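Single-structure report; data block below.
Derivation of every value follows stated rules applied to the coordinates shown; laboratory data play no part. Being a predicted model, the structure only gives us computed values, none of them experimental. Neighbour counts run over all protein chains shown; Cβ positions are idealised from the backbone, glycine included.
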Amino acid sequence: MDSRKYNKVAVGGTFDKFHDGHKKLLSTAFEIAENLEIGVTSDEFGGLKGDIDSCEIRMGNLKSFFKDRSNFIIVPLDDPYGTTIYDGSFDAIVVSEETEPTAIEINEIRISKGMNPLDIVVVSFVLAYDGIPISSTRIRRGEINKNGEIVY
């Protein structure tokens, strides 16, 4: 049975230190999308978060992880909204709890332009072994690894 629900879905992020939380977010997006557009923050925009891997490396990690899939494209993001605020063909957006406010902003912009709002699919955090969400920041700090295991 095909569980796909939406024709075109957006998901975006920095995807630095590609970890289990990213995998859950993207796997959910693939489950509901016939076609998926994955926005990856550009070096300029993503660099605002601090010392992160290059956009090329981060895009390569995604392509490698999803090498058996073909129903997606990866595009650079130079702002929090990407193509969702001018491409009316999107049906839904997949976000984490942390980025849900951005999806709400996207819908406000879309509505102000006379576009249909997107269905917002919120994916809960993946918790590390200490019960705190896995994040690229925590991995960069050396607190946890990409699977949420505590680093001693």
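The table below lists the values:
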| quantity | calculated |
| --- | --- |
| Protection-proxy order for peptides 64-71, 108-115, each taking the mean of Cβ atoms within 10 Å per residue, highest first | 108-115, 64-71 |
| Dipole moment magnitude, nearest 20 debye, the chain about Cα centre, only Lys, Arg, Asp, Glu C-beta charged | 320 debye |
| Under 5 Å, built H, 5+ apart or other chain: amide partners of Gly39 | Val11, Gly12, Gly13, Val75 |
| Residues Leu26, Leu127 arranged by fewest to most Cβ contacts within 10 Å | Leu127, Leu26 |
| Efficiency of FRET from Cβ geometry, Arg140 and Ile111, R₀ 30 Å, rounded to 0.05 | 0.25 |
| Relative contact order, percent, the chain [alpha-carbon distance under 8 Å, six or more residues apart] | 27 percent |
| Pairs from Lys24/Lys146; Lys67/Lys146; Lys5/Lys63; Lys24/Lys67 whose Cα-Cα separation, in the structure shown, is over 18 Å | Lys67/Lys146; Lys5/Lys63 |
| Segment 26-115, Rg to Rh (Cα coordinates; Rh as Kirkwood inverse mean 1/r) | 0.96 |
| Base-10 log of normalised Debye intensity for the chain (one unit scatterer per alpha-carbon) at q = 0.17, 0.18 Å⁻¹ | -0.99, -1.11 |
| Separation of alpha-carbon centers, segment 18-37 and segment 50-114, rounded to whole Å | 11 Å |
